1. Just give me the residues in region 71-95 being farther than 20 Å from R24 by Cα and either exposed (fewer than 12 other Cβ atoms within 10 Å of the Cβ) or at pLDDT 75 or above (or both), in sequence order.
2. How many residues, within region 194-212, are assigned to a helix (DSSP H, G or I), modelled with pLDDT of 70 or more and exposed (fewer than 10 other Cβ atoms within 10 Å of the Cβ)?
3. Please tell me if S55 is free of Cβ contacts under 8 Å to residues at least 60 places away in the same chain, closer than 27 Å to Q89 by Cα and surrounded by 14 or more Cβ atoms within 10 Å (Cβ to Cβ).
4. Return the residues of region 60-74 that are in a loop (DSSP other than H, G, I, E, B) and either over 14 Å from Y33 (Cβ atoms) or out of contact with any Pro (no Cβ under 9 Å at 6 or more places or on another chain) (or both); say none if nothing qualifies.
5. Against the conditions (1) at pLDDT below 85; (2) in a loop (DSSP other than H, G, I, E, B); (3) surrounded by 10 or more Cβ atoms within 10 Å (Cβ to Cβ), where does H98 fall short? Just the number, please.
6. Please work out which residue is farthest from I73 (Cα to Cα), limiting yourself to region 2-28 and to residues that are surrounded by 10 or more Cβ atoms within 10 Å (Cβ to Cβ) and of a type in the set (V, I, T).
7. Report the residue count in region 29-46 for those that are in contact (Cβ under 8 Å) with a residue 24 or more places away in the chain and surrounded by fewer than 17 Cβ atoms within 10 Å (Cβ to Cβ).
Amino acid sequence: MAILGNCSPHEVLFKEKPSYTMLRVFGSACYPYLRPLADHKLEPRSLQCVFIGYSAQHKGYRCLYPPTGKVYICRHVIFDEESFPFRTQYESLVPRYHSKLLKAWQSSVSTENVPASVNQEQIPRALPTLPREPEPVETEDTLGNIGSPAASEANSDQLENVVVENIHPMTTRAKAGIHKPNTRYVLLASKFVPATPRNIAEAMKHLGGTLQ
């Protein structure tokens, strides 16, 4: 606010102080002028509605008529900001949610007696030091028992591959050996990029290493 000279951004931009005359109490009783919206002259000129906010597309107040659920948007509205219809007249229209879990929680909170102080066991400040076990020394026998990666790979290759056979009676193109390319990739062009060479011989054969 010190940068703006103790003025609001609206006052700095538009060179006028903002007006708060349209601000009203949410949920208060209001009486919009409904004569322009009436179908015939016997309809009431106004009804007791509930103020639920402002219109984003029009300049006016949004007034809810609870018996029908209809919302009127009107500029000419008389407010009674000390009366709240949903508290007195339309209390039966407000949905009430009853939850068994909420009732059980409320009853447990009301009956639960929280002790003022909790007894805690006294923890000794100094703990007795335990003797340290000698660390195992690696020898040739222990190193020989450690399996090598090649041995683990050989064991993994010996595992049997489980093949799931399709026993469905319907004959498909895959069963008949008919394989058609996907039409979505007809116009797709891709260039094979070889892997990174690991030595000089592979680097000389690399496509990117040849001189044009």
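The values are calculated or read from the model by the stated rules, or taken from the named source; none is laboratory data. Nothing here was measured: the structure is a model prediction, and the numbers come from that model. Reconstructed Cβ throughout: ideal geometry from the backbone, glycine too, with neighbour counts over all protein chains shown.
1. Scanning region 71-95 gives E91, S92, L93, V94, P95.
2. Matching residues across region 194-212 total 2.
3. No.
4. Listed by number, the residues that qualify are P66, P67, T68, G69.
5. (3)
6. V12
7. 2
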